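Participant: Following this message is one structure expressed as structure tokens.
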Amino acid sequence: MREAVTVQVGGFANYVGSHFWNFQDELLGLADDPDADPVFKNDALDMDVLYRSGEMHQGIPTYCPRLVSVGSRVHPVISVRPVLLQISSIVTRSVSKPHGRNLFLQSLVEEGQNPSTSNGASNSQKSVEDKDLIDCLENGVNFWTDYSKVQYHPQSLYELHGSWTDFDKFDNYGSAQEVVSDWSQIEEMNERLRFFVEECDHIQGIQFIVDDSGGFSSVAAQFLENIADDYTNTPVLLYCVRDPMTLGSSRRNQRVSIMRALHDAVSFSKLSSFCNLMVPIGPPSLSRSYMSSYLYIQDEKPFHASAVCAAAIHSITVPFRLQRTGPSSDLAHSSGNLDIGELLHILSDQGRQNMVTALDVAMPAPSLTDRDAMGNIEMKLHSLTPEISDEDEDPYSVESLVDFHITSERLVYEARETKPKFSHLSASLCPLPVPLPFPSIFRGNIGRHGEILSDHAEESQPKGSLDIESIPMAARLRSSSAVLPFIERRSGSLQKHGVARGAIGSLVLRDWGFGREEVEDMAEHLAKLLGPFHPEMDLTSDSD
């Protein structure tokens, strides 16, 4: 077996991770459900890649994600603690109220205490109960744990602590200096990761999800640097995720705009220095994107946007869990197994040898019954990566495509003028399951199994898990010149605001703890990332 360890750092990263693990939990439940669709019962998906078996002190067996999640002390069930506020020399005492369990979490506790209750309820009664749970989530998700239905290992969840509890100020790379300089916290994170890595027989890699929009980016960079030192030969696949609301074009003064540009440049430089492949995720607005034809997404709700990001990450990582098939195998329902190292080799060691890739997704993907749409599947894929070029006809591009309904590579590229230099195709007939705590984001033109309906009545209310059981997905990672604007913007920002003589951003970088030499090193690293895209380079020659 080739195990993978997952790391999540930061608020939105944990929102994404909560949905991701809900998908895995749903797949596990469907595999054991005698009434579930047989497509979920095949043995092609090896869940042991992501999960570990264990045992409680009482001898009760457990099956938990191989996960380290790093977040803040803002937690659904926090202890009551005093907060001192000093205003005009008058000291008052304020007590924060604990954030109690919502209806959904209460239902999980009750179900665990009395599993027979749900089985004994009538269908009509259960439907009403589920509707209430869904309504409570749509209107009351404040933390990623509000909708998590997964049992985590005690070593998985780590809460940072410090005096930086004002999250409006924890919004740039330098704001996490207190955390990064606290050796005990960084070492605790390392120990928790070591717990999961050292019990692996043959680890295939680490998939790392980080919210890089603020101070957690600095925490993740320190964590990644330690990983690079301690696990030199272990591949690291990095997803940098952002809530659409953090990317909006809000009005800013010059200093704030410069700080934002410098944060993006520094974060990108540092994070990309300690991983093998980076995937930026987070378009400015999902509600106004191509997805609005099929999905009703409210950008102001991280609960919504993170669900789409998680669905894409789940889809692109399915090849890590597909069993390897041989000539005598009867696993005809899937193909294209890859491990993390093989994926990184395909995307970053061939073509332009670029380690920054774009993530594209079709949600839902055309079904097998829609032959016209299937012939145009490549055109249905649209990017979740921000600031990239819309025109991508790069003859040196390489890509990895995962589809849950494709049967022929010919169908993928039928409508494409320029084929990639290399493409790997993975396929599985197992669609994305829609668990109960998934948000109600599907429009009326989506059927129960994710099919796109040609004739449907307009519905005022979006559909959720009570109406949609599963969704066919297609996702693609591509390394091509499309990501060039993303890299150029960050390289240009650091040169203009941090390196150029008299740059006013140099004081900001100094406040963040960076000296002149380190800033120049970051600028040089970004210049190297631009190197493969220079037209004067001989892309046809083999690299040394």
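Participant: Consider ASP48 against the criteria (1) open to solvent by 10 Å² or more (accessible area, probe 1.4 Å); (2) not in a helix (DSSP H, G or I): it satisfies all of them except one. Which criterion is unmet?
Facilitator: With respect to (1) open to solvent by 10 Å² or more (accessible area, probe 1.4 Å); (2) not in a helix (DSSP H, G or I), ASP48 is out only on (2).
Participant: Return the total of residues in the stretch 268-295 being assigned to a loop (DSSP other than H, G, I, E, B), modelled with pLDDT under 95 and buried (at least 20 other Cβ atoms within 10 Å of the Cβ). Lay out the reasoning, then the answer.
Facilitator: Looking only at the stretch 268-295, we keep the residues that are assigned to a loop (DSSP other than H, G, I, E, B), and these are 274-276, 282-289, 294.
Those still in the list that are modelled with pLDDT under 95 too: 282-289, 294.
Applying the additional criterion that residues be buried (at least 20 other Cβ atoms within 10 Å of the Cβ) yields 282-283, 286.
Number satisfying all stated conditions: 3.
Participant: If we keep just the residues of the stretch 174-191 that are open to solvent by less than 20 Å² (accessible area, probe 1.4 Å) and in contact (Cβ under 8 Å) with a residue 60 or more places away in the chain, which is nearest to ILE340 (Cα to Cα)? Please lay out each step first, then the result.
Facilitator: Taking the stretch 174-191 as the starting set, the residues that turn out to be open to solvent by less than 20 Å² (accessible area, probe 1.4 Å) are 174, 176, 179, 185-186, 189-190.
Right, trim to in contact (Cβ under 8 Å) with a residue 60 or more places away in the chain and you get 174, 189.
Values: GLY174: 31, MET189: 22 Å.
Top of the filtered list is MET189.
Participant: Output yes when any residue across the stretch 183-197 is of a type outside the set (Val, Ile, Thr), modelled with pLDDT of 95 or more, under 26 Å from TRP21 (Cβ atoms) and not in a helix (DSSP H, G or I), and no when none is. Reasoning before the result, please.
Facilitator: Of the residues in the stretch 183-197, the ones of a type outside the set (Val, Ile, Thr) are 183-185, 187-196.
Within this subset, residues satisfying the condition of being modelled with pLDDT of 95 or more are 187-196.
Filter again for under 26 Å from TRP21 (Cβ atoms), leaving 187-196.
Those left that are additionally not in a helix (DSSP H, G or I): none.
Among the residues of the stretch 183-197, not one is of a type outside the set (Val, Ile, Thr), modelled with pLDDT of 95 or more, under 26 Å from TRP21 (Cβ atoms) and not in a helix (DSSP H, G or I), which makes the answer no.
Participant: Another question about this same structure. Give the residues of the stretch 324-340 that are touching a strand residue (DSSP E or B) at 6+ places or on another chain (Cβ under 8 Å) and either modelled with pLDDT of 95 or more or part of a loop (DSSP other than H, G, I, E, B) (or both), sorted by residue number.
Facilitator: First, the residues of the stretch 324-340 that are touching a strand residue (DSSP E or B) at 6+ places or on another chain (Cβ under 8 Å): 325, 333-340.
Passing the criteria: THR325, HIS333, GLY336, ASN337, LEU338, ASP339, ILE340.
Participant: So which pairs qualify, if the first residue must be in the stretch 192-213 and not assigned by the TED database to the domain that holds PRO154, the second must be assigned to a strand (DSSP E or B), the Cβ gap must be under 9 Å, and the two must be at least 6 apart or on different chains?
Facilitator: Close Cβ pairs (under 9 Å, with a partner that is assigned to a strand (DSSP E or B)) do not exist here.
Participant: Same structure, new question: Exactly one of (1) farther than 21 Å from CYS430 by Cα; (2) open to solvent by 40 Å² or more (accessible area, probe 1.4 Å) is unmet by GLY54. Its number?
Facilitator: GLY54 satisfies every listed condition except (2).
Participant: Looking only at the stretch 352-368, count how many residues are closer than 20 Å to HIS525 by Cα, buried (at least 21 other Cβ atoms within 10 Å of the Cβ) and more than 21 Å from the chain's Cα centre (by Cα).
Facilitator: Matching residues across the stretch 352-368 total 1.
Participant: Could you say whether any residue in the stretch 384-394 is aliphatic (A, V, I, L, M), surrounded by 23 or more Cβ atoms within 10 Å (Cβ to Cβ), modelled with pLDDT of 75 or more and farther than 30 Å from SER273 by Cβ?
Facilitator: no
Participant: Out of VAL197, VAL179, which single residue is of a type in the set (A, V, I, L, M, F, W, C), over 25 Å from THR385 (Cβ atoms) and touching a Gly at 6+ places or on another chain (Cβ under 8 Å)? Walk me through how you get there before you give the answer.
Facilitator: Values: VAL197 fails: touching a Gly at 6+ places or on another chain (Cβ under 8 Å).
Step by step, each of VAL197, VAL179 is checked, and only VAL179 is of a type in the set (A, V, I, L, M, F, W, C), over 25 Å from THR385 (Cβ atoms) and touching a Gly at 6+ places or on another chain (Cβ under 8 Å).
Participant: Okay, next question. Going residue by residue through the stretch 63-74, is there one that turns out to be within 29 Å of ASP299 (Cα to Cα), open to solvent by less than 10 Å² (accessible area, probe 1.4 Å) and not in a strand (DSSP E or B)?
Facilitator: No, the stretch 63-74 has no match at all.
Participant: Follow-up question, since we're still on this one. May I ask you to say which residue of LEU484, LEU529, LEU509 is within 30 Å of the chain's Cα centre (by Cα), assigned to a helix (DSSP H, G or I) and within 24 Å of VAL179 (Cβ to Cβ)?
Facilitator: On the way: LEU484 fails: within 24 Å of VAL179 (Cβ to Cβ); LEU529 fails: within 24 Å of VAL179 (Cβ to Cβ).
Answer to the selection: LEU509.
Participant: Ok, one more. Would you point out which residue out of VAL39, VAL7, VAL16 is open to solvent by less than 60 Å² (accessible area, probe 1.4 Å) and not in a helix (DSSP H, G or I)? Spell out how you get there, then give the answer.
Facilitator: Values: VAL39 fails: not in a helix (DSSP H, G or I); VAL16 fails: not in a helix (DSSP H, G or I).
Exactly one residue qualifies, and that residue is VAL7.
Participant: Further question on the same structure: Where residues in the stretch 407-441 are surrounded by fewer than 22 Cβ atoms within 10 Å (Cβ to Cβ) and of a type in the set (Val, Ile, Thr), which of them is modelled with the lowest pLDDT?
Facilitator: THR407
Participant: What residue, among those in the stretch 296-321 that are open to solvent by 30 Å² or more (accessible area, probe 1.4 Å) and touching a residue at least 40 places away in the same chain (Cβ under 8 Å), is farthest from PHE12 (Cα to Cα)?
Facilitator: Within the stretch 296-321, the first condition is being open to solvent by 30 Å² or more (accessible area, probe 1.4 Å), and the residues that meet it are 296, 298, 300-302.
Adding the requirement that they be touching a residue at least 40 places away in the same chain (Cβ under 8 Å) leaves 296, 300-302.
Values: TYR296: 20, GLU300: 12, LYS301: 11, PRO302: 7 Å.
That would be TYR296.
Participant: Considering only residues that are open to solvent by less than 20 Å² (accessible area, probe 1.4 Å) and more than 17 Å from VAL402 (Cα to Cα), which ones fall in the stretch 466-492?
Facilitator: Answer for the stretch 466-492, where residues must be open to solvent by less than 20 Å² (accessible area, probe 1.4 Å) and more than 17 Å from VAL402 (Cα to Cα): ILE468, SER480, ALA482, VAL483, PHE486, ILE487, ARG490, SER491.
Residues are listed down the side, and each one gets a yes or a no for (1) assigned by the TED database to the domain that holds LEU384; (2) free of Cβ contacts under 8 Å to residues at least 12 places away in the same chain; (3) under 30 Å from GLU188 (Cβ atoms):
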{"site": "GLY11", "(1), (2), (3)": "yes, no, yes"}
{"site": "PHE20", "(1), (2), (3)": "yes, no, yes"}
{"site": "GLY29", "(1), (2), (3)": "yes, yes, no"}
{"site": "ASN42", "(1), (2), (3)": "yes, no, no"}
{"site": "ASP46", "(1), (2), (3)": "yes, no, no"}
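The values are calculated or read from the model by the stated rules, or taken from the named source; none is laboratory data. Since the structure is predicted, the reported quantities are computational estimates derived from the model, not experimental observations. Positions of Cβ are backbone-derived with ideal geometry, glycine not excepted, and every protein chain shown enters the neighbour counts. Note: areas computed on protein heavy atoms with side chains; ligands, DNA, RNA excluded. Shrake-Rupley method; radii C 1.70, N 1.55, O 1.52, S 1.80 Å.
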